[in-house]
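The values are calculated or read from the model by the stated rules, or taken from the named source; none is laboratory data. All of these numbers come straight from a predicted model, not from anything done at the bench. Glycine also receives a Cβ, built like all others from the backbone with ideal geometry; neighbour counts cover every protein chain displayed. Calculation scope for accessible area: heavy atoms of the full protein, side chains included, ligands and nucleic acids excluded. Shrake-Rupley method; radii C 1.70, N 1.55, O 1.52, S 1.80 Å.
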Amino acid sequence: MKLTAKSVSRVALASTLVAATAGAVLLAASPAGAATTLGASAQQSGRYFGTAVAANKLSDSTYVGILNREFDMVTAENEMKIDATEPNQNQFSFGNADRIVNHAISQGKRVRGHTLAWYSQQPGWMQRMEGSALRQAMINHITQVASYYKGKIYAWDVVNEAFADGSSGGRRDSNLQRTGNDWIEVAFRTARAADPNAKLCYNDYNTDDWTHAKTQGVYRMVQDFKQRGVPIDCVGFQSHFNPQSPVPSNYQTTLQNFANLGVDVQITELDIEGSGSAQAQNYQRVTQACLAVARCAGITVWGIRDSDSWRSSGTPLLFDGSGNKKAAYTAVLDALNAGGTTTTSTTTTTGTTTSTTTTTTTTTTTTTTTSGPGGCTASASVNSWAEGFVATIRVTAGSTPLNGWTVTLTLPSGSTVTGSWNANRSGNTGTIQWTNVSYNGNVAAGQSTEFGFQGTGVGTGLSPTCSAR
């Protein structure tokens, strides 16, 4: 989400939903001994409560005081986006992002990375690119940024806002989408290779209502990724609400249905325009929905004080412009201290959801070669289903570093490669040679890099060999 104001269509849903009941009663005051800050109260149920942070406000003592006291998760508002981290191609700038990350770590807080691939806030050089050049630039960007912050990021918003609003339930037209429909999958696989321990999330807005076509489109993508072994760990719901797009009555159902796919759900950019008890009731509803879904990992509000918000005129946050706690703050704190269920709700389905049963098998083989100085090894991990497979090939350097590598493998008869990432290849069928691309040829002794490909037919029995170049 940007700091600058956005068009109304950015935050308004296609249809007005049921608003919060005006007469709803807020939770009673917290009992004696209850946690007194948002982060501490969320931790009682194994969750987090975070906020978006701007580097240029870290000199504001009121801002930093609230940040340090209340929140245990931090997201950079703009400082980790593509235009900020790679203003010129292959020239990376992490200064402002580092200020936020280092401050968070020094205060014992975790960090959500936002975002690695997005159609918006691209630097000028990327906006002018297309096709294979853009695809490789995206892969390089993800690899470099995620590798730089490896070990410091709890979860990455790998891809942001890739689906279109409206009734189609399809992808948004963008320069990234025009590189090929597999670009989101490639982004996730690249992020996993760069930082295997960070949770990998898809993040979007206007996906809060379970009945909406956009929600269903994202759901089908996540369902497909989980069935095919594409590395996705979580789904982020931005949850920007206002009177024209209120908290949906089925909000908890949406969170639960995604969680049932085997991913965490995270509320990533929460802000709710309004004031007084009506705003407080809506914040309470969102908090309670998260608490009711066992795999809702936590909530992040998009800013600290109303004056810090990109929607400041709507006073959408938990603290007013002077840093005072609002009624919405008390409602959230009380809801968190009251806790929530850890049981799983019943899944609600609609006619727009297609459920399929897919059998996935994994086969791993390793072949070692002594070719080249120090040699290298290659192993294949294959996720197969009825119509095809995805293979991930891990290249590991031997006793000396690699300056380049070649992997050779033979596909079973009738199998064809339909797409690949993080490597060049010599063909689509039969015996194929794969060579490193510019950014993953140098591998330190004993270390590894990965590439992958998708194919039709049978993917079992792959036996790759590796030689150093």
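Every residue in the range 414-427 that is open to solvent by 50 Å² or more (accessible area, probe 1.4 Å), among the polar types (S, T, N, Q) and either assigned to a strand (DSSP E or B) or at pLDDT below 90 (or both), please.
Filtering the range 414-427 down to residues open to solvent by 50 Å² or more (accessible area, probe 1.4 Å) leaves 414, 418, 424-426.
Those left that are additionally among the polar types (S, T, N, Q): 418, 424, 426.
Selection gives THR418, ASN424.
LYS152 passes all but one of (1) over 19 Å from PRO87 (Cα atoms); (2) surrounded by 22 or more Cβ atoms within 10 Å (Cβ to Cβ); which number fails?
(2)
What is the residue count in the range 428-458 for residues that are part of a strand (DSSP E or B), out of contact with any Lys or Arg (no Cβ under 8 Å at 6 or more places or on another chain), open to solvent by less than 30 Å² (accessible area, probe 1.4 Å) and closer than 21 Å to VAL230 by Cα?
Summing the residues that are part of a strand (DSSP E or B), out of contact with any Lys or Arg (no Cβ under 8 Å at 6 or more places or on another chain), open to solvent by less than 30 Å² (accessible area, probe 1.4 Å) and closer than 21 Å to VAL230 by Cα in the range 428-458 gives 2.
Of all residues in the range 210-224, which are of a type in the set (A, V, I, L, M, F, W, C) and open to solvent by 10 Å² or more (accessible area, probe 1.4 Å)?
Of the range 210-224, the ones of a type in the set (A, V, I, L, M, F, W, C) are 210, 213, 218, 221-222.
Within the range 210-224, ALA213, MET221 qualify.
Helices (runs of 4 or more DSSP H) wholly in the range 1-111 with at least 2 residues that are modelled with pLDDT of 95 or more - which ones?
Numbers: elements: 8-11, 38-43, 61-70, 82-85, 95-106.
Ranges flagged: 38-43, 61-70, 82-85, 95-106.
Taking LYS109 as meeting all but one of (1) in contact with a Pro (Cβ under 8 Å, 6 or more places away or on another chain); (2) over 22 Å from PHE188 (Cβ atoms); (3) open to solvent by less than 30 Å² (accessible area, probe 1.4 Å), write down the number of the exception.
It is condition (1) that LYS109 fails.
Filtering the range 242-263 down to residues that are open to solvent by less than 20 Å² (accessible area, probe 1.4 Å) and outside any helix (DSSP H, G or I), which residue is farthest from ASN206 (Cα to Cα)?
Initial filter on the range 242-263 (open to solvent by less than 20 Å² (accessible area, probe 1.4 Å)): 242, 245-248, 251, 254-259, 263.
Of the ones still in play, those that are also outside any helix (DSSP H, G or I) are 242, 245-248, 263.
Details: ASN242: 12, SER245: 9, PRO246: 11, VAL247: 11, PRO248: 10, VAL263: 19 Å.
By that ranking, first place goes to VAL263.
Being on the phi < 0 side of the Ramachandran plot, open to solvent by 10 Å² or more (accessible area, probe 1.4 Å), touching a helix residue (DSSP H, G or I) at 6+ places or on another chain (Cβ under 6 Å) and of a type in the set (S, T, N, Q) is true for just one of GLN227, GLN284. Which residue is that?
Only one candidate passes the filter, namely GLN284.
Where residues in the range 188-210 are part of a helix (DSSP H, G or I) and out of contact with any helix residue (DSSP H, G or I) (no Cβ under 6 Å at 6 or more places or on another chain), which of them is nearest to VAL111 (Cα to Cα)?
ARG192
Could you please tell me which pairs satisfy a Cβ distance under 7 Å, a separation of 6+ or placement on different chains, a first residue in the range 51-66 that is under 17 Å from ASP271 (Cα atoms), and a second residue that is modelled with pLDDT under 95 and of a type in the set (D, E, K, R)?
Nothing qualifies.
Of everything in the range 185-209, what is open to solvent by less than 10 Å² (accessible area, probe 1.4 Å), closer than 29 Å to GLN252 by Cα and over 13 Å from the mean Cα position of the chain (by Cα)? Give them in sequence order.
Across the range 185-209, the qualifying residues are THR207, ASP208, ASP209.
With the condition kept exactly as written, say whether any residue in the range 135-144 is hydrophobic (A, V, I, L, M, F, W, C), farther than 23 Å from PHE188 by Cβ and either part of a helix (DSSP H, G or I) or more than 16 Å from the chain's Cα centre (by Cα) (or both).
Scanning the range 135-144 turns up no residue that is hydrophobic (A, V, I, L, M, F, W, C), farther than 23 Å from PHE188 by Cβ and either part of a helix (DSSP H, G or I) or more than 16 Å from the chain's Cα centre (by Cα) (or both).
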